[in-house]
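Here the structure is laid out as structure tokens; the discussion comes afterwards.
Bear in mind that the values in this text are calculations on the coordinates, not laboratory data. These figures come from a predicted structure and were not determined experimentally. Ideal geometry is used to build each Cβ from the backbone, glycine not excepted, and the neighbour counts take in all protein chains shown.
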Amino acid sequence: MRWIVCAGFALSLAVVGTGQLVINEVAWGGTDASPYDEWIELYNPTDEPVDLTGWVLAWEGVSIPLGEESGGTIVLRNHVVPPHGYFLLERSSDDTVVGREADLIYRGALSNRGEVLQLLDPEGEVVSTANLGCSSGWWAGTKGASMERISPDAPDGRFSWRTGLTGEFLDAEGAPIRGTPGAANACYLSSPRVELTLPEGKLSGSVSWSWRAQDPDTPVEELTVGLYVSYDGGVTLQPVAEGLPASGSYDWDTSGWEPGPVLLLVRAQDPDGFWGIAIAEAELSGQ
């Protein structure tokens, strides 16, 4: 089986599908102007506009209808996300991001101790989450810097998020925002792309991993690759091999590994610390 990564991930887990949106960036620590100047960005990865009537963004104690002014929604300026477009939510007022008008202004704080955000469609189905599985705090971000998803296709988890870098927009005091509200995430533009090929079916005996990594702004000779196994959905990783070149293959002896469902992960990293990851669901037979 072959998994091709676009800017970070390819995966057989649940990912964004037709007519769905993704929680793309969360500024839970506010901006340098104020920790209360929180903002959230949604992204439409599809080729069709998405009408947000009936959609809700929620976390503990907070419910924000995205298609009407009720509940946690104070002001709604737009309820349609264009194809490959962004939807910006700002907390309390439209002064948080200078130069980019908010699509929605909401009430409700994000705790520094961590929250799990859920995006629900009109049928009440959860189509995207942010910070799921983080046992303490947040997967990324800090005071004044956002938590940004490394790729719109990346499933929520430990390796899906990076701390935002300085972008083009300014905060309420005129300082650059560390994040990209209403624009492509910085790590998405800079992360290596990875391809992973594995055998079909249950895995046993000697298993051949094949991979290829490329980076938009780094020579392949400067990339380093590691192979990993996770039994808990990516929360913890067990190394198979590290310090590998950007492209190659590796024969893995599975005989000493616990049988059962696993995630197999290839991580490529550039010298600047940006990484791309390919992940595949698999099952070890233990034979």
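Listed values, structure above:
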item: Mean-position separation - Cα centroids, segment 201-245 and segment 85-158, in angstrom; result: 29 Å
item: Relative exposure of 22, 56, judged by other C-beta atoms within 10 Å (fewest first); result: 56, 22
item: Test item: Cα-centred dipole of segment 68-189, Lys/Arg +1 and Asp/Glu -1 on Cβ, debye; result: 560 debye
item: Pairwise label distance in nanometres, residue 241 with residue 78, each label 7 Å out on the Cα-Cβ vector; result: 4.7 nm
item: For segment 272-280, 3J(HN,Hα) per residue [Karplus equation, 6.51 cos²θ - 1.76 cosθ + 1.60, θ = phi - 60°, Hz, x = Gly/Pro]; result: 7, x, 7, 10, x, 9, 10, 10, 9
item: Given charges at Cβ of Lys, Arg, Asp, Glu: segment 13-189 dipole, positive-most of 170, 21, 49; result: 170
item: Percent of beta bridges antiparallel (DSSP, the chain, rounded to nearest 5); result: 95 percent
item: Least to most buried among 149, 113 (fewest other Cβ within 10 Å first); result: 113, 149
item: Computed label-point distance, nm, for sites residue 158 and residue 231 using a 7 Å Cα→Cβ extension; result: 1.4 nm
item: Pairwise FRET efficiency - residue 206 versus residue 36, Cβ, R0 = 51 Å, nearest 0.05; result: 0.35
item: Cα gyration tensor category, rounded, prolate or oblate, for segment 192-284 with a/c compared to 1.5; result: prolate
item: Gain on full stretching of the segment that runs from residue 168 to residue 70 - 0.36 nm per residue minus C-alpha separation; result: 32.1 nm
item: Estimated distance in nm for a label pair at residue 126 and residue 249, the labels positioned 7 Å out from Cα along Cα-to-Cβ; result: 4.0 nm
